[in-house]
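Nothing in this text is a laboratory measurement; each read-out follows from the coordinates by a stated rule. Here the structure is a predicted model, which is why all the values come from computation and not from measurement. Cβ: placed from backbone, ideal geometry, glycine included. Neighbour counts: every protein chain shown.
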Amino acid sequence: MKVSFPHMGNAYIPLSALLSNLGADVIVPPRPTRKTIDMGALHAPEFVCLPFKVNLGDNLRALQMGSDTLAMVSGMWACRFGYYGRVQHQILRDVGFEFDSILLGRDGLGKVYNKFRDTVDGSLLRGWAHAVRSFKHKAEGMDALEKAARKMRPFERERGSASAALAQGLALLDEARTIKGTDVVLREALAVIDSLETDEPAEVPLKIAVVGEIYAVLEPALNFDIERQLGEMGIMAYPVMSVYKWLFRPLKIDPSILVDERLARRIAKPYIAYVLGGEEHQTITGTIRAARRGYDGVIHLYPFTCMPENICRTILPQVEAEFDIPVLNLCLDEHASPAGMATRLEAFVDLLRERRRR
Amino acid sequence: MKVGVPRALSYYRYFPLWKSLLEGMGAQVVLSSPTGDKLLENGVRHCVDDICVPVKLFYGHVLDVADKCDVLFVPRLVSIEKAEVDTYTCPKLIGLPDMVKSSIEGIPPMVEFVVDIQERSIRSSARRLATELGMPHARARGALADALLVQASYEQRLLAGVTPEKAMKEVLGNGNGEGKKDASAGRPAGSRARPRDVRIALVGHEYLIHDYYISHNLPAKLERFGAEVTYMAEVPVDVIERELARYPGISWSYEKELLGAASHFLGREDIDGVMLVMGFACGPDSIIGEIITREVLTDDSAPLTTLVLDEHTGAAGVETRVEAFVDLIRRARNRS
C-alpha cells in the first residue's frame, strides 16, 4: 500500500511514522508551493476555500508520484473541511486517477483499523499500539523543536540560523526509525538550537499573537512562513494553535488541550454564542488573551471565503476596541503575494513600535 | 412595540411564522423595504468584503428597518431538524446575531429567536422570545400554536408552486407586500403569446432566487424566454428524503434540500433542464454544487447549468445565460 495525505505544517513527520509503522509505504508529496496551489485551483470549485485547493494539489502530486491510497480526515461538520476528502477524491477520480480512499471519521474506526491487516507483520493490535506510540513521540518532538526555534529566532546573531537548525532537526526526526532513536535525535537537535549564538537585542522585542483559521496559521506555504518572517524581524510571534494540538485534539487523550478548548469557548461566548465549526473560539479568545497578557498586537489570518473566520473578522473590530489591542486582518487566497504580505507586516510592525514608544 | 424584521435570508422561508408569532404576542411588525440600489450599497459598506451577498443584503435590510422600529428581530437558525446525527444550517446563519451586534452601530436593541431543534423545542424558543420582548409567557403558547398553523398553510402554498410573496399575501393578507416586484406581475403582455414549451427547475436558496433585485428577476426572465419554472419548494419532504438516501453524509440541512431537489429534478422525465443558482462566496454551496455535478449528474440526466450571483452580477449577463440555456434545450430537443 502506497499511502499519502495532504500537508499541514510539519504534521507529515508524525503521520508518516504512524503509517510506516503500520507497514504502509508512505509517499510524502513535496511541501506545497505556488505550483501545488495552481494545480489544485485548476480542478477545484471556484469559490471554495484556499486550503481545499492546496490539499487537492498535494493529492495530485502524490498520485503523480505513484501513491495508490489517499488518507484524509472527514466528518459531518458545519465547516466545509468535513467534506474535503469526499469531494477531493471524487474530483481526482473524475480526472482519471484510480486509488483507494481512507476517510478517517467517515469510514468508522473499525474499517480504518482493519485496513492495515495485510500490511502489519504479526498482531494487528500490537502493530497499532506501536504505531500510535511512535506517532506520539514524533509529534511531541516536532512540537518541542518548533517551540525552541520560535523562542530563539528573535535573538539569533546570524539571521536564519534558528530556522536552519530547525529544518535540520526536523529532517533527522523524520528519519529516526525507532522510538529510542527519536528521543536521541530530539535531544541533540534541541541542544543544537539552544547553543546557537545570540545577541542581546537593543530593546525588548515586540510580542505578536497569530490567530485565525488553523491551516492558514500553521501552514507556511499559505502564510508565507509568517512565523519565521516575524521572528527574523526580531519579533516574538506566537501562534495560538499548534500542529500538535491539532493532531491530538480529536483524539481526546490530552486533558490540557480539552481544558484549553473549553476555556476558550467560555471566554469567546459573549462574542460568539454558538459553535460555528471552526477555530472561531480560539481566534476571539486568542485576541482577548493577547491583550490581557500585554502583547503588542494580533495578526488574524484567514483564507478567502472561510465561513467561521469571516464571522470573526466581523466581530474582531469590537474586541480590538474593547481590549485596546491592534489587529491586522490578512485574507489569503491563491493570488496573495509574498511582497504584499511583507509590506503589510512591515507597516503593522512600524505601527506597533510607534504605539509602544508612546 | 414595533418589531423590525429584515426582509432577507430566512424571511423567505419563515416570515409568516415570525409575523404571526410576534403579533400574537402583542407586538407590531415592521418589515424593511424591498431590496434596492441604496439598500444593497449600505449593506455592502457595513459588511466584511468577502462574505456572501445574502449576508450583505441582510445588513442592508437591518439598516433600512433600524430607524422604523423599537426592537430588531434577528433569527438565529442553529439546527432545524431533529436527526440522530448533528445537523447545522450554515455558520453564517448561526453567527448572524453575533455579527450584527458587533459590527453595526446605532441600531435599536436586538431580540434573538433561536431555532435549535436539536437542543431545545420551538416552544421553549418562543418562551424565550416572549421574555426578551417583555411579554407574558402565557401568550407565547397560544401565539405559537396559531403561528405554526399559518406557517403550515404558507408551506402548503409553496408546495403547490406559489411564489413566496404571493403565498405570503394569501396567508397574511395584504398588509406586508405593498409595491413589491412580483415575478409574474411584471411580465410584459406580449410574452403571453409565446408557448411555454420548456420546463426548467430552479435549485438554489430562496433568499437568492426570490430576491428579485439580486437575481435580476430570474424566474420572470425564464418565463419570458418561454420556459415554465418549477421551484425547489414544490418537492415534498419525503421525496427529498428518498433522494438523499442515495447521497448520505451531509450535515447542512438547507443544502441537503438542494441536493435532494437537484437529484429529484435531474431524474424527472418532464423537467427539461435544471438551473443551479448559487451566491458567490457561499461556503456550503461551493461543496454541494460540486457534489451535485460530480455525484448526481450523469450522461443521461437533463442538462444542468450553474448561475453564480453576487452584487456585481449584471442583468444582461443573467439574461444571456438564461437565453442560451433555454435555446440549448430547444435545439437539443429538435435534433433528437
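If you average 1/r over every pair of different alpha-carbon atoms in the stretch A:1-108 and take one over that average, what Kirkwood value in Å do you get? Working shown, then result.
Values: mean 1/r = 0.0724 Å⁻¹.
It works out to 13.8 Å.
Compute the separation of the alpha-carbon centres of the stretch A:87-111 and the stretch B:79-96 and state it in Å as a whole number.
Each part's Cα centre sits 26 Å from the other's.
Restricted to Cα positions, what overall size does the stretch A:117-239 have along the principal axes? Three whole-Å values, descending.
For the stretch A:117-239, the Cα spread along each principal axis is 60, 33, 18 Å.
With contacts defined as alpha carbon pairs under 8 Å and 6 or more residues apart, what's the relative contact order of the stretch A:196-285 in percent?
Relative contact order here is 29 percent.
Over chain A, what is the percentage of antiparallel beta bridges among all DSSP beta bridges, to the nearest 5?
5
For chain A, what log10 I(q)/I(0) values come out of the Debye formula at q = 0.06, 0.07, 0.12, 0.15 1/Å, with one point per alpha carbon and no solvent?
-0.22, -0.31, -0.94, -1.46
In whole Hz, what ³J(HN,Hα) sequence does the stretch B:267-279 give by Karplus (6.51, -1.76, 1.60; θ = phi - 60°), x for Gly and Pro?
x, 8, 5, 7, 9, 8, x, 10, 10, 9, 9, 10, x
Could you work out the relative contact order of the stretch B:241-336, using alpha carbon pairs under 8 angstrom and six or more residues apart, expressed as a whole percent?
27
Could you work out the Rg to Rh ratio of the stretch B:12-103, with Rh taken as the Kirkwood radius (inverse of the mean 1/r over all Cα pairs)? The partial results should precede the final answer.
On the way: Rg = 14.5 Å, Rh = 14.6 Å.
Over the Cα atoms of the stretch B:12-103, Rg/Rh equals 0.99.
Over the stretch B:1-121, what is the relative contact order in whole percent, taking alpha-carbon pairs under 8 Å and six or more residues apart? List each step's numbers first, then the result.
Numbers: 198 pairs, mean separation 34.0, N = 121.
Once divided by the residue count of the stretch B:1-121, the mean separation gives 28 percent.
Between the stretch A:278-327 and the stretch B:309-336, what is the C-alpha centre distance in whole Å?
A separation of 43 Å, based on Cα centres.
Quick one: what are the phi-derived ³J(HN,Hα) couplings along the stretch A:31-47, Karplus 6.51/-1.76/1.60 with θ = phi - 60°, whole Hz, x for glycine and proline?
Per-residue couplings from phi come out as 3, x, 10, 4, 5, 4, 5, 5, 4, x, 5, 4, 9, 7, x, 4, 10 Hz.
Grab the Cα-Cα distance for residue B:301 and residue B:334, subtract it from 0.36 nm times how many residues apart they are, and report the gain in nm with one decimal.
Working: separation 33, 0.36 × 33 = 11.88 nm, distance 1.73 nm.
Difference between extended and current length: 10.1 nm.
Take the Cβ-Cβ distance between residue A:140 and residue B:70 as r, set R0 to 51 Å, and report the resulting FRET efficiency rounded to the nearest 0.05.
0.35
For chain A, take the longest principal axis of its alpha carbons; what is the angle in degrees between that and the long axis of helix A:307-323, to the nearest 10 within 0 to 90?
For A:307-323 against chain A, the angle is about 30 degrees.
Tell me which lysines have Cα within less than 21 Å of residue B:2's Cα, excluding those fewer than 8 residues away on the same chain?
Cα-Cα hits under 21 Å: B:19, B:68, B:101, B:169.
Compute and list, largest first, the equivalent-ellipsoid semi-axes of the stretch B:238-308 from the alpha carbon gyration tensor, each √(5λ) rounded to a whole angstrom.
Equivalent ellipsoid semi-axes, largest first: 18, 16, 10 Å.
Residue A:355 versus residue A:321, label points 7 Å from Cα toward the beta carbon: distance in nm?
Inter-label distance under the simple model: 1.6 nm.
Based on the Cα coordinates of the stretch A:130-200, what is the per residue volume of their convex hull in Å³?
Here the figure is 58 Å³ per residue.
More than 34 Å apart: what percent of Cα pairs in chain B qualify?
Percentage above 34 Å: 23.
Ranking A:95, B:74, A:73 by Cβ neighbours within 10 Å, fewest first, what do you get? Present the calculation step by step, with values, prior to reporting the outcome.
On the way: A:95 12, B:74 23, A:73 17.
Fewest to most other Cβ atoms nearby, the residues stand as A:95, A:73, B:74.
Per-residue counts of other Cβ atoms within 10 Å, averaged by peptide: what ranking do you get for B:309-317, A:7-15, highest first?
A:7-15, B:309-317
Please sort A:174-187, A:234-247 by packing, taking for each peptide the average over its residues of neighbouring beta carbons within 10 angstrom, highest first. Could the numbers behind the result be given before it?
Working: A:174-187: 15.4, A:234-247: 21.0.
Final packing ranking: A:234-247, A:174-187.
Give me a comma-separated list of calculated 3J(HN,Hα) values for the stretch A:341-354, in order, Karplus coefficients 6.51, -1.76, 1.60 applied at θ = phi - 60°, integers in Hz, x for any Gly or Pro.
Going residue by residue, I get 5, 4, 4, 5, 4, 4, 4, 5, 5, 4, 4, 5, 4, 4 Hz, with x marking Gly and Pro.
Inside 10 Å of the C-beta atoms of B:102-108, what's the mean count of C-beta atoms belonging to other chains?
Taking all residues of B:102-108 together, the mean is 3.
Quick one: Cα centre-to-centre distance for the stretch A:178-197 and the stretch A:333-351, in angstrom?
34
Count, for each residue of A:81-93, the Cβ atoms from other chains sitting within 10 Å of its Cβ, then give me the mean as a whole number.
The per-residue average across the peptide is 3.
Between residue B:294 and residue A:269, what FRET efficiency follows from the Cβ-Cβ distance if R0 is 41 Å, with the result rounded to 0.05?
Details: r = 39 Å, r/R0 = 0.95.
Efficiency for this residue pair is about 0.60.
Run down the lysines and flag those whose C-alpha is under 29 Å from the C-alpha of residue A:2, throwing out any fewer than 8 positions away in its chain.
Correct list for residue A:2: A:35, A:53, A:111, A:115, A:136, A:138, A:180, A:245, A:252.
Would you mind putting B:244-255, B:105-116 in packing order, based on average other-beta-carbon counts within 10 Å, highest first?
Working: B:244-255: 17.8, B:105-116: 16.2.
Sorting B:244-255, B:105-116 by mean packing, highest first, produces B:244-255, B:105-116.
Where does the protein assembly as shown land at 222 nm, in deg cm²/dmol rounded to the nearest 500, when only DSSP H runs of n ≥ 4 count, each adding -39500 (n - 2.57), divided by all residues?
After summing the helix terms and dividing by residue count, I get -16000 deg cm²/dmol.
If I take R0 = 35 Å and measure r between the Cβ atoms of residue A:293 and residue B:110 in this structure, what FRET efficiency does the formula 1/(1 + (r/R0)^6) give, to the nearest 0.05?
0.65
Could you give me the percent of Cα pairs per 5 Å distance bin for the stretch A:203-326, shortest bin first, beginning at zero and ending with the bin that holds the maximum distance?
2, 12, 21, 23, 22, 14, 5, 1, 0
Just the Cα atoms of the protein assembly as shown: what Rg and Dmax do they give in Å?
Cα only, the protein assembly as shown: 27.3, 87 Å (Rg, Dmax).
Please list, ordered by chain and number, the residues whose modelled amide H lies under 5 Å from the amide H of residue B:88; skip anything fewer than 5 residues away on the same chain.
Those lying under 5 Å, H to H, from residue B:88 are B:252, B:253.
Mind checking which helices in chain B clear 18 Å along their axis (Cα) and have mean Kyte-Doolittle hydropathy of -1.0 or more, DSSP H runs only?
Values: long enough: B:11-24 (20 Å, -0.38); B:53-66 (19 Å, 1.08); B:137-159 (33 Å, 0.03); B:253-266 (20 Å, 0.03); B:315-335 (30 Å, -0.32).
Taking the DSSP H segments of chain B (at least 18 Å long, mean hydropathy at least -1.0), we get B:11-24, B:53-66, B:137-159, B:253-266, B:315-335.
Would you mind giving the mean number of other chain beta-carbons within 10 Å of the Cβ of each residue in B:278-289, as a whole number?
6
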